[in-house]
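The values are calculated or read from the model by the stated rules, or taken from the named source; none is laboratory data. Everything numeric here is computed off the predicted structure, so don't read it as measured data. We place every Cβ from the backbone using ideal geometry, glycine too, and count neighbours over all the protein chains shown.
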Amino acid sequence: MVMIKIVNNDPKYYDFVRLLRSDLRVQDGFIEVVNITKDQQDKYMKKHIDKYIVALYNNEPAGFAGSLDNDIRVCVHPDYQGKGIGKSLIIELMKRFPDSFAKVKIENEASRKLFESCGFEIKYWLMEK
Ligand SMILES: CC(C)(COP(=O)(O)OP(=O)(O)OC[C@H]1O[C@@H](n2cnc3c(N)ncnc32)[C@H](O)[C@@H]1OP(=O)(O)O)[C@@H](O)C(=O)NCCC(=O)NCCS
């Protein structure tokens with residue numbers, strides 16, 4: 001039976017999170033494009049270990065979510081998208097950080113749908129020139 005399990009962050013997942021966050025197939029979804037080194041990731045994660053959770057799919061790491069100053073980041077590996085993993089991550093993250101919000105790029109339909117399906121509503125438009 002296929003199983004999605006949400007677990008606490010752990011040093012053994014640091015590199016999974018780093019590689020997924022830097023994966024060119026998901027970078028477009030984020031507002032900021034990053035290229036994180038192993039050293040940077042270790043330092044960052046040591047500081048914020050409790051702000052992140054990881055999703056396992058059949059015991060393999062498949063996605064992560066975090067809430068930093070209530071600002072949500074979420075990502076599911078392309079091989080595992082569309083299976084309810086993003087939703088499981090957001091539901092668990094909101095239990096831990098109930099005041100969290102998401103900044104979503106207008107063209108990121110997958111992310112908008114994910115948050116809407118978790119009960120989020122659009123509250124602001126961010127205007128830039
Ligand atoms: C956004 C993202 C996390 C969604 O994760 P996921 O595991 O594929 O999403 P789920 O399978 O849990 O789907 C949740 C809901 O969103 C909908 N959805 C997900 N991807 C979708 C897509 N590409 N198009 C339309 N709807 C989509 C699902 O149908 C589901 O709706 P439902 O609950 O009404 O059935 C994933 O696409 C991703 O990692 N994208 C790249 C990184 C990114 O954009 N992060 C967000 C930054 S704000």
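Summary table
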| quantity | calculated |
| --- | --- |
| Gly63 in contact with a strand residue (DSSP E or B) (Cβ under 7 Å, 6 or more places away or on another chain), within 13 Å of the ligand (Cβ to nearest atom) and not charged (D, E, K, R) | yes |
| Residue that is nearest to Leu24 (Cα to Cα), among those in the stretch 91-109 that are near the ligand (Cβ under 8 Å from one of its atoms) and surrounded by 12 or more Cβ atoms within 10 Å (Cβ to Cβ) | Asn108 |
| From the options Leu56, Leu126, Leu89, residue that is part of a loop (DSSP other than H, G, I, E, B) and either modelled with pLDDT under 95 or under 20 Å from Tyr13 (Cα atoms) (or both) | Leu126 |
| Unmet criterion (only one of (1) of a type in the set (D, E, K, R); (2) within 14 Å of the ligand (Cβ to nearest atom); (3) within 13 Å of the chain's Cα centre (by Cα); (4) under 18 Å from Arg21 (Cα atoms)) for Lys51 | (2) |
| Residue within the stretch 37-48 that is in a loop (DSSP other than H, G, I, E, B), away from the ligand (no atom under 13 Å from the Cβ) and without any contact (Cβ under 8 Å) to a residue 24 or more places away in the chain present | yes |
| Pairs with Cβ under 7 Å, 6+ apart, first in the stretch 99-117 and touching a residue at least 40 places away in the same chain (Cβ under 8 Å), second acidic (Asp, Glu) and not in a helix (DSSP H, G or I) | Lys103/Asp71 |
| Residues located in the stretch 107-122, provided they are under 17 Å from Met94 (Cβ atoms), outside any loop (DSSP other than H, G, I, E, B) and of a type outside the set (Gly, Ala, Ser) | Arg112, Lys113, Leu114, Phe115, Glu116 |
| Failed criterion for Ser117 (all others in (1) out of contact with any strand residue (DSSP E or B) (no Cβ under 7 Å at 6 or more places or on another chain); (2) surrounded by 19 or more Cβ atoms within 10 Å (Cβ to Cβ); (3) of a type in the set (Gly, Ala, Ser) hold) | (2) |
| Tally, over the stretch 14-35, of residues that are surrounded by fewer than 16 Cβ atoms within 10 Å (Cβ to Cβ) and away from the ligand (no atom under 13 Å from the Cβ) | 3 |
